[in-house]
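Please read the structure below before turning to the comments.
The values are calculated or read from the model by the stated rules, or taken from the named source; none is laboratory data. What you see is a predicted model, and the numbers here were worked out from it, not measured in a lab. Cβ placement follows ideal geometry from the backbone for every residue including glycine, while neighbour counts extend to all protein chains displayed.
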Amino acid sequence: MKRRISRRIKTGLLVGLAGIMFLLSAGCGETQESLIPLPKPERDGGMFGVDVNINMSTIDNYLERPDVIYRDMRMLYDPADFEELGGISKLTRTLPGFRVTPLPYIATLNAMPVEGMYDGDKLYDVVWSEDSEILEVTANYLESEQILNELFPKDQTIFLMCGGAGYSFLTRNFLVHMGWDENLIFSTGGNWYYEGNKSIDLLVGDKIATWRVDYAYIDFDNLTRVR
């Protein structure tokens, strides 16, 4: 008798779990269908080619979508003196869903009118033209391509953000040069100019609350240098 009751309980639990999974999958389907359709990327005529439709003025309408990969291209503590340009060198805030993925750790930065720019370890050495087009790319590590593909899935829509729009612009150009579809990449601009109400505050006193950040850490000491 105990074995029969036990089997009935197990059967009931399995049926219940199956029902829950069905409801969850159905709910996900409804959420997917209710999403605002994404427009095609359309760059404005400014220096950094911020998207016309999805930018810091409209980003609140496009946050936390299951069909988008979000990347904040800033460093936690950037050595560049962005305060000189009216910006912020420290990562004081970000937006929901954005994973902090510092561009300076991925590719050589193009020249900017700011002192102290990062020039340490990076996945790729890049030679830029004066108008921020790429002339040459060289991988520094055996794992560079694998890491790049994992951080920026090629088959998914990607939203890029940074402080003043420069890092987002360079990241977009770099990815397109490396074979990414330009129709899947949105440069949403600079978070310094965001005035919505979705900000995640990253400061505790004068320190960054790293536990609030989804951070793509690259341990260069454990990579295989090829040059």
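Say whether the condition of being among the hydroxyl-bearing types (Ser, Thr, Tyr), under 17 Å from Thr92 (Cβ atoms) and exposed (fewer than 14 other Cβ atoms within 10 Å of the Cβ) is met by at least one residue in the stretch 163-171. No: zero hits.
For Ala165, the criteria (1) in contact with an Asp or Glu (Cβ under 6 Å, 6 or more places away or on another chain); (2) in contact (Cβ under 8 Å) with a residue 60 or more places away in the chain; (3) under 27 Å from Gly49 (Cα atoms) hold in every case but one, which is (1).
Before we move on, is Asp72 acidic (Asp, Glu) and either crowded, with 21+ Cβ neighbours inside 10 Å or in contact (Cβ under 8 Å) with a residue 60 or more places away in the chain (or both)?
Working: acidic (Asp, Glu): yes; either crowded, with 21+ Cβ neighbours inside 10 Å or in contact (Cβ under 8 Å) with a residue 60 or more places away in the chain (or both): yes.
Considered against the rule, which asks whether it is acidic (Asp, Glu) and either crowded, with 21+ Cβ neighbours inside 10 Å or in contact (Cβ under 8 Å) with a residue 60 or more places away in the chain (or both), Asp72 comes out as yes.
Working only within the stretch 137-155, note down all residues that are aliphatic (A, V, I, L, M) and surrounded by 12 or more Cβ atoms within 10 Å (Cβ to Cβ). Let's see the steps before the verdict.
Going residue by residue through the stretch 137-155, those that are aliphatic (A, V, I, L, M) are 137, 139, 142, 147-148, 151.
Once the filter is applied, which keeps residues that are aliphatic (A, V, I, L, M) and surrounded by 12 or more Cβ atoms within 10 Å (Cβ to Cβ), the stretch 137-155 yields Val137, Ala139, Ile147, Leu148, Leu151.
Of the candidates Leu170, Leu203, the single residue that is within 15 Å of the chain's Cα centre (by Cα) and among the aliphatic types (A, V, I, L, M) is Leu170.
Check the stretch 204-218 and report whether any residue there is within 17 Å of Glu150 (Cβ to Cβ), out of contact with any strand residue (DSSP E or B) (no Cβ under 8 Å at 6 or more places or on another chain) and part of a loop (DSSP other than H, G, I, E, B). The answer is yes, given that some residue of the stretch 204-218 is within 17 Å of Glu150 (Cβ to Cβ), out of contact with any strand residue (DSSP E or B) (no Cβ under 8 Å at 6 or more places or on another chain) and part of a loop (DSSP other than H, G, I, E, B).
Taken as a whole, the condition of being among the β-branched types (Val, Ile, Thr), in contact with a Gly (Cβ under 7 Å, 6 or more places away or on another chain) and under 26 Å from Asn61 (Cα atoms) does not apply to Ile158.
Quick one: which residue in Glu64, Glu83 is in a loop (DSSP other than H, G, I, E, B), farther than 19 Å from Thr210 by Cβ and either in the same structural domain as Asp214 (by TED's automatic domain parsing) or of a type in the set (Gly, Ala, Ser) (or both)?
Working: Glu83 fails: in a loop (DSSP other than H, G, I, E, B).
Step by step, each of Glu64, Glu83 is checked, and only Glu64 is in a loop (DSSP other than H, G, I, E, B), farther than 19 Å from Thr210 by Cβ and either in the same structural domain as Asp214 (by TED's automatic domain parsing) or of a type in the set (Gly, Ala, Ser) (or both).
Quick check on Leu135: is it in contact (Cβ under 8 Å) with a residue 12 or more places away in the chain and in contact with a strand residue (DSSP E or B) (Cβ under 9 Å, 6 or more places away or on another chain)? In short, no.
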